[in-house]
Amino acid sequence: MGRNNVRGPLLDHLDEIEAMCTTKDPTLKEIFEVFGPDGHYVLITFLTIPFLQPIPLPGLSTPFGFLIAAVTVLAYLKKSPWLPKRWAHRKISARTVCRIAESSERVFEKLTPVLHPRWRFLFKGPFRTISAALLIINAILLALPLPIPLSNALPAWMIAFQALAHLEDDGLFVILSYVQTAICFIYFGILAFGAGSGFNFLETKGFF
């Protein structure tokens with residue numbers, strides 16, 4: 001089998017969900033249980049999607065950012081994916097779930113040439129801790145209520161890279177998340193420097 005045809009764990013999980021839907025209407029908890037520990041990163045992916053565009057959403061980014069940070073801690077501690085009780089046992093139409101699973105599978109099959117299992121050492125040892133720490137930092141940056149273009153998008157893309165990396169065991173996307181973190185730090189550093197310079201200028205003019 002060629003390197004670009006390697007199936008990642010996400011596609012196998014989607015196959016399991018499709019099989020489940022042939023016998024019953026699954027609950028949200030049952031769907032997340034199919035993903036096992038990766039269920040955390042499924043949730044993180046969905047929470048990140050609204051921010052993968054340049055326009056900030058301050059009212060939404062704050063609660064979502066802190067929720068992503070909390071889910072990351074649970075994932076790092078290898079706890080079961082958390083869902084509110086009122087959602088966990090809610091049944092979802094098998095037809096709807098199957099459609100979502102099939103469409104998701106088509107998308108990820110097309111992404112297989114660029115997103116597939118490799119460099120798995122980047123999910124172990126110190127890299128695992130570094131990734132979790134950087135993900136939490138970016139989630140906090142996402143939570144900042146800043147009405148500035150890209151202030152949500154830059155940390156959101158890092159979070160998305162990390163989530164996809166874990167869902168498909170792709171170490172390259174871990175590296176991409178580290179690069180994106182560097183870009184975030186530069187961007188927010190410039191914002192902080194600009195804000196500090198502006199404050200000092202106003203102070204010298206006697207505004208404070």
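The values are calculated or read from the model by the stated rules, or taken from the named source; none is laboratory data. Values in this document were obtained by computation on a predicted structure and should not be read as measured data. Backbone-built Cβ (ideal geometry, glycine too); neighbour counts: all protein chains shown.
Couple of notes before you dig in:
- Of note, Pro155 does not satisfy the criterion of being out of contact with any Asp or Glu (no Cβ under 7 Å at 6 or more places or on another chain), loosely packed, with under 12 Cβ neighbours inside 10 Å and modelled with pLDDT of 95 or more.
- Test for Ala70: is it surrounded by 16 or more Cβ atoms within 10 Å (Cβ to Cβ), on the phi < 0 side of the Ramachandran plot and either more than 18 Å from the chain's Cα centre (by Cα) or at pLDDT 90 or above (or both): no
- Ala156 being under 27 Å from Asp15 (Cβ atoms), assigned to a helix (DSSP H, G or I) and in contact with a helix residue (DSSP H, G or I) (Cβ under 9 Å, 6 or more places away or on another chain): no
- Leading residue by the ranking (farthest from Leu57 (Cα to Cα)) among those in region 141-175 that are over 13 Å from the mean Cα position of the chain (by Cα) and of a type in the set (A, V, I, L, M, F, W, C): Leu172
- Count of residues meeting criterion [touching a residue at least 40 places away in the same chain (Cβ under 8 Å) and not in a helix (DSSP H, G or I)] in region 115-139: 5
- Residue that is farthest from Val71 (Cα to Cα), among those in region 3-16 that are touching a helix residue (DSSP H, G or I) at 6+ places or on another chain (Cβ under 9 Å) and in a loop (DSSP other than H, G, I, E, B): Arg7
Results for (1) within 30 Å of Ser151 (Cα to Cα); (2) in a helix (DSSP H, G or I), shown as yes or no for each residue.
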{"site": "Glu18", "(1), (2)": "no, yes"}
{"site": "Lys24", "(1), (2)": "no, no"}
{"site": "Gly36", "(1), (2)": "no, yes"}
{"site": "Thr45", "(1), (2)": "yes, yes"}
{"site": "Ile55", "(1), (2)": "yes, no"}
{"site": "Leu67", "(1), (2)": "yes, yes"}
{"site": "Leu74", "(1), (2)": "yes, yes"}
{"site": "Trp82", "(1), (2)": "yes, no"}
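- If you go through region 84-94 and pick out every residue that is in contact (Cβ under 8 Å) with a residue 12 or more places away in the chain, loosely packed, with under 13 Cβ neighbours inside 10 Å and part of a helix (DSSP H, G or I), you end up with 1.
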